[in-house]
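Since every read-out is calculated from the coordinates, none of them should be taken as a lab result. Note that the structure is a prediction, hence the values are computed from the model and not measured. In this analysis, Cβ positions are derived from the backbone assuming ideal geometry, glycine residues included, and neighbour counts consider all displayed protein chains.
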Amino acid sequence: MKTGFLIIILNIFTGFHLNEESDLTGNWKLVRNEDGIKAFTREVEGSSIKQVRVIANVKSTLTAPVAIVRDVSSHPKWIYRCKTAKILKTVSESDHYYYNETEAPWPISNRDIITHAVITQDKKSKIVTITSTGVPNFIPPIKDIVRLKKLQAQWKFIPKVNGTVDINFTLLIDLGGDLPSWLVNLAIADGPFETVLNMRKEIMKAKYQNAVYNFIQEL
């Protein structure tokens, strides 16, 4: 039961920056390789929880993966076990705050998080980065739902000259509570893997493939 719960809550867009977008050096260990998607984990100094990275490639416009992440109302369709997702505040097309509630199996309480997401693009490489930070006090706690206190997230979408896009999802999270780190590490790669798998399917919808934003330039 606890392992299943970990798979669920590790899908709320968590992540940490890497020094380079395509860097898989530094003791990364391949833990899952299916359907063209790879998941890696590695030890991180100062953390008892392993860092995870999921990578995939999809034939797509560069704007499409940005569009699906921005489409917060769609999150329950592809983020594993996401029950509710809604925009709380829009600062600009590339800057917004949103709410996610993740459904957990009984008798464990659901989890939620408020995230501040900022989208940027490198002018030279055209790589798009979506960096998110948890802001747990943005709205008051909700009764019977446990608010995650620490969350950072990063998606990187790397366009290729062959008309595909590399998807890079890297994460490190502190779940808190009394869950032992060995149990967290046991399931930490599974939920993010399923989320990227679902994303790769959902992204092919016309509304995402035909999306256009002034702040995103195709390769």
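When the chain is fully extended, how far beyond the present Cα-Cα distance does K160 get from K126, taking 0.36 nm per residue of separation? Present the calculation step by step, with values, prior to reporting the outcome.
Working: separation 34, 0.36 × 34 = 12.24 nm, distance 0.98 nm.
The span from K160 to K126 would gain 11.3 nm if fully extended.
Summing Lys, Arg as +1 and Asp, Glu as -1, what charge do residues with Cβ under 13 Å from the Cβ of K207 carry, K207 excluded?
Its environment carries a net charge of +1.
I need to check one value: relative contact order of segment 62-158, counting alpha carbon pairs closer than 8 Å and at least 6 residues apart, in percent.
20 percent.
Students often check this: by mean Cβ neighbours within 10 Å, which of 159-168, 60-69 ranks highest, and how do the rest follow?
Details: 159-168: 15.7, 60-69: 22.5.
Taking the mean over residues of other Cβ atoms within 10 Å, the ranking is 60-69, 159-168.
Which of S74, S125, S181 comes first, and how do the rest follow, when ranked by fewest Cβ neighbours within 10 Å? Numbers along the way, then the final one.
Values: S74 19, S125 11, S181 14.
By the 10 Å Cβ count, ascending: S125, S181, S74.
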